[in-house]
1. Quick check on the range 164-185. Is at least one of its residues within 14 Å of the ligand (Cβ to nearest atom) and either within 17 Å of the chain's Cα centre (by Cα) or open to solvent by less than 10 Å² (accessible area, probe 1.4 Å) (or both)?
2. So how many residues does the range 346-376 have that are acidic (Asp, Glu) and within 16 Å of the ligand (Cβ to nearest atom)?
3. Looking only at the range 294-303, decide whether some residue is under 15 Å from the mean Cα position of the chain (by Cα) and charged (D, E, K, R).
4. Does Gln241 satisfy the condition of being within 23 Å of Val158 (Cβ to Cβ) and either in a helix (DSSP H, G or I) or modelled with pLDDT of 95 or more (or both)?
5. Run down Ala159, Ala135 and say which single residue is closer than 16 Å to Cys362 by Cβ, crowded, with 18+ Cβ neighbours inside 10 Å and either among the aliphatic types (A, V, I, L, M) or free of Cβ contacts under 8 Å to residues at least 40 places away in the same chain (or both).
6. Looking at the range 63-90, which of the residues that are within 23 Å of the chain's Cα centre (by Cα) and part of a loop (DSSP other than H, G, I, E, B) is surrounded by the most Cβ atoms within 10 Å (Cβ to Cβ)?
7. What's the number of the only condition in (1) in a helix (DSSP H, G or I); (2) hydroxyl-bearing (Ser, Thr, Tyr); (3) under 25 Å from the mean Cα position of the chain (by Cα) that Tyr160 fails to meet?
8. When the range 300-324 is examined, which residues are found to be open to solvent by less than 60 Å² (accessible area, probe 1.4 Å) and among the small types (Gly, Ala, Ser)?
Amino acid sequence: MALRSFIDVAPDSAFPIQNLPYGIFKPRDGTARAGVAIGELILDLSVLEELGHLRDVTEQQIFSGGSLNAFMATGRPAWKRTRAILQNFLSADNGALRDNSELREHAFHKQSEVTMQLPACIGDYTDFYSSYHHAHNVGTMLRGPENALMPNWKWLPVAYHGRASSIVVSGTEVKRPHGQTKPADASAPVFGSSKSLDFELETAFFIGPGNPLGQPVSIDHAEEHIFGIVLMNDWSARDIQTWEYQPLGPFLAKNFCTSISPWVVTLEALEPFRKNLSAQDPAPLPYLKRANDFTFNIQLEARLQTARMREPQTIMRTNFQNLYWSIAQQLAHHTVNGCNLQPGDLLASGTISGPTRESRGCMLELTWRGQNPLKLPDAEARKWLEDGDTLSITGWCQGEGYRVGFGEVSGRIVGA
Ligand code: CA
């Protein structure tokens, strides 16, 4: 018999009792605190903590502050104990919360009546480039199919250090950036608003316990440091990027805004959807190799709604399994030189493109640098994103009669 909650949860809800993702929310008349999503509600963890129900997790007060960093730092055994306590509390068979209307009144909030915030104070943010098909498509545009992949790509998970201060929660408006660009036919650059604003469909994982400076995390221990996963949109200004990126990589084309979904889905919730990582050729160096390296079967979609459209239209579909490098490999590589990660750091996947046209994870690939505009209803078309467009990314794992969903990360573009 499948685990069931006394809270009504629709079969296509992102948040059944099998999920219980963590987020930071602010009720209308209160301060920001931690909660888990269940159906259309949020269970307020600061209330349970106050009443002593989470004493087995930690003696400290960690759920009443405005971030999950302290909880992320507690580590997997504490995360598992918390999950067991919460699943028990929410289970259809347990009357402790179900039959206590006063406590229920106090402990539940409607998601529609709160404001979601960033789940953590993100100290550092790194963006990988781990989809083979994305790297191959972009490389083909720049250097032709023979030299599409750089020589290092299959040997190490390529990444750059991004900027944490401009990471925003889903729903935040995205202001079209200004910058320096150089039109192909011009002899000198011009200044103005970006004319080729793009999205990148990504996921990102939060670091749990960190590692001290100088002490790498081996790939066999990488999982102990991974708290959970969110959806991410790495908004990108392609014209600014083209002119600025050599030789040091992305800078102002990427750091004006990066959006993430508010609910962090834990590795425990993703466990039933775990898959073996595909064999890698060439075999990675020993520090990137572990027995049974893994990925997850997460379906991902991007939807676009222009100002004229009545409802969003799905413009591409992909899967988390399209990532060549695993999250364990990304973490092991990131720390192999002794680089220290800290609780709440965010490590993103890079654009997750698959092998088909429909599974390309950004406008750059979908329109092939604007050559084949995306056709939309009512004769609208897009080479790049325009002001008034809303781009949403959603993702879920399909279980037997339930979904472990991520909710969405969404942002509407406004003119600068
Ligand atoms: Ca990216």
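The values are calculated or read from the model by the stated rules, or taken from the named source; none is laboratory data. What you see is a predicted model; the values in this text were computed from it and never measured. Please note: Cβ atoms are built from the backbone with ideal geometry, for glycine as well, and neighbour counts cover all protein chains shown. Areas reflect the complete protein model, heavy atoms only, side chains present, ligands, DNA and RNA absent. Shrake-Rupley method; radii C 1.70, N 1.55, O 1.52, S 1.80 Å.
1. Start the filter on the range 164-185 by keeping residues that are within 14 Å of the ligand (Cβ to nearest atom), which leaves 166-167.
Within this subset, residues satisfying the condition of being either within 17 Å of the chain's Cα centre (by Cα) or open to solvent by less than 10 Å² (accessible area, probe 1.4 Å) (or both) are 166-167.
The answer is yes; a qualifying residue exists.
2. Kept after step one, since they are acidic (Asp, Glu), are these residues of the range 346-376: 358, 365.
Of the ones still in play, those that are also within 16 Å of the ligand (Cβ to nearest atom) are 365.
Selection size over the range 346-376: 1.
3. At the first step, the residues of the range 294-303 found to be under 15 Å from the mean Cα position of the chain (by Cα) are 295-302.
Pick out the ones that are also charged (D, E, K, R) and you get 301.
Yes; the residues of the range 294-303 include at least one that is under 15 Å from the mean Cα position of the chain (by Cα) and charged (D, E, K, R).
4. On the way: within 23 Å of Val158 (Cβ to Cβ): yes; either in a helix (DSSP H, G or I) or modelled with pLDDT of 95 or more (or both): yes.
It is true that Gln241 is within 23 Å of Val158 (Cβ to Cβ) and either in a helix (DSSP H, G or I) or modelled with pLDDT of 95 or more (or both).
5. Working: Ala159 fails: closer than 16 Å to Cys362 by Cβ.
After applying the criteria, what remains is Ala135.
6. Step by step, filter the range 63-90, then rank; the result is Leu68.
7. Among (1) in a helix (DSSP H, G or I); (2) hydroxyl-bearing (Ser, Thr, Tyr); (3) under 25 Å from the mean Cα position of the chain (by Cα), Tyr160 violates only (1).
8. Listed by number, the list holds a single entry, Ala302.
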